[in-house]
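The values are calculated or read from the model by the stated rules, or taken from the named source; none is laboratory data. Note that the structure is a prediction, hence the values are computed from the model and not measured. When we count neighbours, we look across all protein chains shown, and the Cβ atoms used for this are built from the backbone with ideal geometry, even at glycine. What goes into the accessible areas is simple: the full protein's heavy atoms, side chains included, and nothing from ligands, DNA or RNA. Shrake-Rupley method; radii C 1.70, N 1.55, O 1.52, S 1.80 Å.
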Amino acid sequence: MLSPKLIEQFFGAASIQRWNDYPRMVELVELDKQAHKFIIAYLIAKMEPKESINMRSLIEAGIFEFLRRVVVTDIRPDVFRKALQKKEKEINTWVLEQLYDSLSDIEEGAFYERFKTYLNDSSMYKKERFILKAASYMATRWEFSIVYQTSQFLNNIDRVKEAVEEEIEDYYELISVRKMAMNKKISKIVDLSGRLRFQKRWAQTPRIPETSVLGHMLIVAILGYFYSLSAKACDGRLVNNFFCALFHDFPEALTRDIISPVKYSVSGLDDIISEFEIKMIEEEILPYLPEGLTKEFKYLLGLYGDNQKDEFMNRINEHEIKMVEDVSAYNEEKYNAIDGKALKNCDNLAAFIEATLSISHGVRSKELIQGKEHIRGKLKEKGKIGNVDFYELALEIETYLGV
């Protein structure tokens, strides 16, 4: 599906600090920024005329941008943008060289070729690029509102604030950006998703690198994207898989991340938590979505029937939501399919990597070791779907990391 080296590079974004020359109340890292950017890009795209945005291209362009960023890790974002203006061709050539071994086997080289074209042809995915730039700006603006609180004593901070605020004008042609700037109700969704960076995964045990719920959601979405490529999923199925994974823990902005041993230790507790999640989604999320998006968003979150929720069920939604055993039998746009079981494996694989990476860095605990072994067992039991063996990928990652 993808190489252990590339997976490690994606996780490396959890160690890339942002605004590290300013005092901050919390750690701000690149992985969280990228995740927030994807969520905002989804909202922007859904508020634009549907015929003008290709959602698959939006996802792919975002992944291409993320890939370049995880390679060029040591350059500050503003310096990086200036460097691209003068040395873009040379930087892109170097990035392609660094990623060739990791990307050249995906889709028999087709993915790498699209990545290469994207870096060298600014007209590719032009509208989607613009939305991603707007989303990146909005995510940066949201971060800066945190940084500003602790930096007002610095003599240049108001100039930075002015520059950040002025940049919004470049994206005013997008109605969603104007609404976010005016603090309309869509801003509530932006805020809720941003707050997921404050919730740490494996909160009861130290890890390196630490990952937040927000960053974890993006990792699962990226794994879901590459799974979809391996499964030769149609565009609609691939898009659904990515955004279902990207939002799979979104309700935890309202309920917090409850670890599995706690969730499943008391009989019936999981049902109570799920019922509360549904209530909070209905009251605190759905009313703030753009008009016409509620039905789609509920489907992505796995809401169906009479107050039931399962984001990881295989499902289609042709005229009504139906659970299915084999999603590959519905690989057409009209079925609006989601590979829920495969996405659950992506979720488990992401958790497995979180534990394994930390152990490889020498930060290990009984909870991490036990958690890693438990997740590996689940992947062994249910890890192969179609031509993708998640258990074998987990073993490859262990070998690569020397754990």
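Of the peptides 92-104, 194-206, how do they stack up when ordered by the mean number of other Cβ atoms within 10 Å, highest first?
On the way: 92-104: 16.0, 194-206: 17.6.
Descending mean neighbour count gives 194-206, 92-104.
With every protein chain present, what is the per residue accessible area of the range 214-399 (1.4 Å probe, Å²)? Provide the component values of the computation, followed by the final result.
Values: 8290 Å² over 186 residues.
Here the residues of the range 214-399 average 45 Å² of exposed surface.
Given the pairs Lys116/Lys200; Lys309/Lys380; Lys46/Lys298; Lys334/Lys378, which span a C-alpha to C-alpha distance of over 23 angstrom in this model?
Details: Lys116/Lys200 35 Å; Lys309/Lys380 26 Å; Lys46/Lys298 14 Å; Lys334/Lys378 32 Å.
Violating the 23 Å Cα-Cα cut-off are Lys116/Lys200; Lys309/Lys380; Lys334/Lys378.
Step through the residues of the range 360-366 one at a time and calculate ³J(HN,Hα) from phi using the Karplus curve (6.51 cos²θ - 1.76 cosθ + 1.60, θ = phi - 60°), rounding each to whole Hz and writing x for Gly and Pro.
Karplus-based 3J(HN,Hα) across the range 360-366 equals 5, 7, x, 9, 10, 9, 4 Hz.
Going by the alpha-carbon gyration tensor, a ≥ b ≥ c the square roots of its eigenvalues, is the chain rounded (a/c under 1.5) or, if a/c is not under 1.5, prolate (a/b greater than b/c) versus oblate? Intermediate values should be presented prior to the final figure.
On the way: a/c = 1.24, a/b = 1.18, b/c = 1.05.
Rounded is the answer for the chain, as its axis ratio a/c remains below 1.5.
Is the shape of the range 2-187 rounded, prolate or oblate, going by the alpha carbon gyration tensor and its root eigenvalues a ≥ b ≥ c, with a/c under 1.5 for rounded and a/b larger than b/c for prolate? Write down the numbers at each step before the final one.
On the way: a/c = 1.88, a/b = 1.29, b/c = 1.46.
It is oblate, given that a/c is not under 1.5 and a/b is not larger than b/c.
Let me know the charge dipole size of the range 180-239 about its Cα centre in debye, to the nearest 20, where only the beta-carbon of Lys, Arg (+1) and Asp, Glu (-1) is charged. Write down the numbers at each step before the final one.
Working: 10 positive and 3 negative charges, 38 e Å.
Rounded to the nearest 20 debye, it is 180 debye.
Convert each backbone phi in the range 157-169 into a coupling constant with the Karplus relation 6.51 cos²θ - 1.76 cosθ + 1.60 (shift: θ = phi - 60°), then list the ³J(HN,Hα) values in order as whole Hz, x for Gly and Pro.
Using θ = phi - 60°, the values come out as 5, 6, 5, 5, 4, 5, 5, 5, 5, 5, 5, 4, 4 Hz.
Express in Å², to the nearest 10, the accessible area of Asp32 obtained by rolling a 1.4 Å probe over the protein heavy atoms while all chains stay in place.
Accessible area of Asp32: about 0 Å².
Under 8 Å for C-alpha pairs, at least 6 residues apart: give me the relative contact order for the range 2-187, rounded to a whole percent.
Details: 148 pairs, mean separation 57.7, N = 186.
The normalised contact order for the range 2-187 reaches 31 percent.
Which GluC sites (Glu not before Pro) does the range 296-403 hold that lie in a coil by DSSP with at most 14 other beta carbons within 10 Å?
Details: sites: Glu296, Glu311, Glu318, Glu320, Glu325, Glu332, Glu333, Glu354, Glu367, Glu373, Glu381, Glu392, Glu396, Glu398; in loops: Glu311, Glu318, Glu320, Glu325, Glu332.
Counting only loop positions with at most 14 other Cβ atoms within 10 Å, the GluC sites (Glu not before Pro) in the range 296-403 are Glu318, Glu320, Glu325, Glu332.
For the range 140-148, just list the computed ³J(HN,Hα) in residue order, Karplus coefficients 6.51, -1.76 and 1.60, θ = phi - 60°, integers in Hz, with x standing in for Gly and Pro.
Per-residue couplings from phi come out as 5, 4, 5, 4, 5, 4, 6, 4, 4 Hz.
Between the range 313-344 and the range 151-219, what's the alpha-carbon centroid distance in Å?
Comparing the Cα centres of the range 313-344 and the range 151-219, I get a distance of 33 Å.
Starting from the Cα gyration tensor of the range 214-399, take the square roots of the eigenvalues, sort them a ≥ b ≥ c, and report rounded, prolate or oblate (rounded when a/c is under 1.5, otherwise prolate if a/b is larger than b/c, else oblate). Numbers along the way, then the final one.
Details: a/c = 1.92, a/b = 1.24, b/c = 1.55.
The shape class here is oblate.
Using only Cα atoms, locate the centre of the range 16-62 and the centre of the range 84-104, then give the distance between them in Å, rounded to an integer.
Their Cα centres are 21 Å away from one another.
Taking only DSSP H segments of four or more residues, each worth -39500 (n - 2.57), what value at 222 nm results for the chain once the sum is divided by all its residues, to the nearest 500 deg cm²/dmol?
Numbers: 18 runs with 246 residues, N = 403.
That calculation yields -19500 deg cm²/dmol at 222 nm.
Near the amide H of Ile16, under 5 Å away, which other amide H atoms are found, from residues 5 or more places off or on another chain, if H is placed in the peptide plane?
Hits under the 5 Å cutoff: Glu30, Leu31.
Only Cα pairs under 8 Å and at least 6 apart count here; give the relative contact order of the chain as a rounded whole percent.
On the way: 481 pairs, mean separation 70.8, N = 403.
It rounds to 18 percent for the chain.
Just going by the charge dipole of the range 2-187, with Lys and Arg at +1 and Asp and Glu at -1 on Cβ, which of Val79, Ala135, Ala35 is farthest out on the positive end?
Ala135
Listed highest first by mean packing, meaning other Cβ atoms within 10 Å per residue, what order do 138-147, 33-42 come in?
Values: 138-147: 20.7, 33-42: 26.2.
My ranking of the peptides, most packed first, is 33-42, 138-147.
Let me spell out the model: positive unit charges on the Cβ of Lys and Arg, negative unit charges on the Cβ of Asp and Glu, origin at the Cα centre of the chain. What dipole size does that give, in debye rounded to 20?
Values: 56 positive and 64 negative charges, 134 e Å.
Around 640 debye, computed over the chain.
When the accessible area of the range 329-403 is split by element with a 1.4 Å probe, what percent falls to carbon and sulfur? Spell out each step's value before the answer.
Numbers: 1680 of 3570 Å².
Carbon with sulfur: 47 percent of the solvent-accessible area.
Can you figure out the FRET efficiency of Lys184 with Tyr148, using R₀ = 30 Å and their beta-carbon distance, to the nearest 0.05? Could you put the intermediate results ahead of the total?
Numbers: r = 21 Å, r/R0 = 0.71.
Calculated value: 0.90.
Roughly how much of Leu401 is accessible, in Å² to the nearest 10, using a 1.4 Å probe?
30
With the dipole of the range 214-399 worked out from charges on the C-beta (+1 for Lys and Arg, -1 for Asp and Glu) around the Cα centre, which of Cys346, Ile369, Gly386 lies farthest toward the positive end?
Comparing the listed Cα positions along the dipole, Ile369 ranks first.
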